[in-house]
Amino acid sequence: VSSVMMTNVPPSIANYRQRVGRAGRRGQAVALAFTFCKDRPLDSEAFRDPRAYLQRTLAAPKVTLSSRPIVQRHVNAFLLGNFMRERAGDALKMQIGAFLGCPADPKEARPLRAERPVESFIDWLERPATASVFGDSLATLTQRSILNGDQKVVEDAKAAITVLARDFVAEWEGLVALAKDEGLQDAGKSRMAIELRRMCGEFLLGSLADRGFLPGHGFPTDV
């Protein structure tokens, strides 16, 4: 990339540097970063005095350890990761529908409870050995946070995934019923069936993050 154009002034100097830094990475003799200033307070300030904007100091990164949902989501991620490693599962490739035992085909029945990965995960969380084996690691993970010394983090992870699964299944059952009610000879091609495939085909980690079980990369939601 030899040039970058921004349609507004980034909110912080860190954002600005990250964006303009994409130009000229391969040692080009000339690289251009152009910023279009809108009629907004920050943009107007940067336009009037660009030197002051460019000389702003970088804010030190911080982690909010006083938020119970945010810390718990990291606990949930730690537990899910260890469960997947024990079962040789690939969380990066798995889809949310397969994990929760919700087929994308409206004509296909749910697998038996024992065959649903989410049920195995819940059973794994219920095992006394789980809290015992990972107790030290969980203590390190939650150290100096709002969950420091909390003995219920595994139980709370189980409650969270149980509620998530219940809500997902309710939504899935509604879409299945609507897909069948559309009355097409091939229910798999109905509008609701397409939505069902989209819902069940989402990647597991992204969907669990969107639904508040795992930490996300963006601005925290439902906190």
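The values are calculated or read from the model by the stated rules, or taken from the named source; none is laboratory data. From a predicted model like this one, the values you see are computed outputs, not experimental measurements. Cβ atoms come from the backbone with ideal geometry, glycine included; neighbour counts cover every protein chain shown. For the accessible areas, the whole protein counts, side chains as well, though only heavy atoms, and no ligand, DNA or RNA atoms are used. Shrake-Rupley method; radii C 1.70, N 1.55, O 1.52, S 1.80 Å.
Brief remarks on what is shown
- Among the DSSP helices (H) of the chain, those spanning at least 24 angstrom by Cα along their long axis with an average Kyte-Doolittle hydropathy of 0.5 or more are 153-181; this is a geometric and hydropathy rule only.
- Gaussian network model of the chain, Cα within-10 Å springs - most flexible of SER120, SER145, SER132: SER132
- Ellipsoid fit via the Cα gyration tensor, region 48-98: semi-axes of 40, 16, 10 Å, each the root of five times an eigenvalue, largest first.
- Sequence-separation-based contact order of region 76-195, relative, with Cα cut under 8 Å and 6+ spacing, percent: 25 percent
- On the beta carbon distance between LEU42 and PHE219, with R0 = 30 Å, the FRET formula returns roughly 0.95.
- Gain in span if fully extended, ARG19 to ALA139, counting 0.36 nm per residue against the direct Cα distance: 39.4 nm
- With all protein chains kept in place, the per residue accessible area of the chain amounts to 63 square angstrom at a probe of 1.4 angstrom.
- In this structure the amide hydrogen of GLN95, modeled in the peptide plane, comes within under 5 Å of the amide hydrogens of LEU204, none closer than 5 places in sequence on its chain.
- Cα-based values for the chain, radius of gyration first and Dmax second, are 23.6, 67 Å.
- By average C-beta atoms within 10 angstrom, highest first, the peptides 48-56, 99-107: 99-107, 48-56
- The accessible surface of the chain, taken with every protein chain in place and a 1.4 Å probe, is 55 percent carbon and sulfur.
- Ellipsoid semi-axes in whole angstrom, largest first, where each is sqrt(5λ) of the Cα gyration tensor of region 86-133: 24, 13, 7
- Taken about its Cα centre, region 109-223 carries a charge dipole of roughly 140 debye when the Cβ of each Lys and Arg holds +1 and the Cβ of each Asp and Glu holds -1.
- Evaluated over region 20-116, the Cα radius of gyration and Dmax, each in Å: 24.6, 66
- Mean residue ellipticity, 222 nm, helices only, the chain: the sum of -39500 (n - 2.57) across DSSP H runs of n ≥ 4, divided by residue count and rounded to 500, is -15000 deg cm²/dmol.
- ALA114 versus ASP210: modelled label distance in nm, points set 7 Å from Cα along the beta carbon direction: 3.3 nm
- FRET efficiency, 1/(1 + (r/R0)^6) with R0 45 Å, evaluated for VAL63 and VAL30 via beta carbons: 0.70
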